[in-house]
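Below is one structure, written out as structure tokens, with a few remarks after it.
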Amino acid sequence: MIDLIITIGVLVVLIKAFAIALMMMMMKMMIGLIILTVVIGITVAIGAIGVTVVIDLGRQAIKPLGTNYELTLNLIIL
């Protein structure tokens, strides 16, 4: 009988320890996901800014050639 109680007690402690470890893992995963999301967001933002800068430079380079080119450039982008 005492053996059974001890076994159950040990099991409960193990389950509690496992639950805490799992919670820690989940927290780490969540923090990791948040960091990943932020990094991806920043990268995408930089990429978008880069693209717009390139398009603006392209427009400025093409402007002297006339407005037709700018119209076609806009169509290509869209």
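A few points about this structure:
- Residue separation of I42 and D56 scaled by 0.36 nm, minus their Cα-Cα distance, works out to 2.9 nm of gained length.
- Extension gain, V10-M23: 0.36 nm per intervening residue step, less the Cα-Cα distance, totals 2.7 nm.
Each value in this text was obtained by applying a stated rule to the coordinates, not by laboratory testing. Note that the structure is predicted; figures quoted are calculated from it, not measured.
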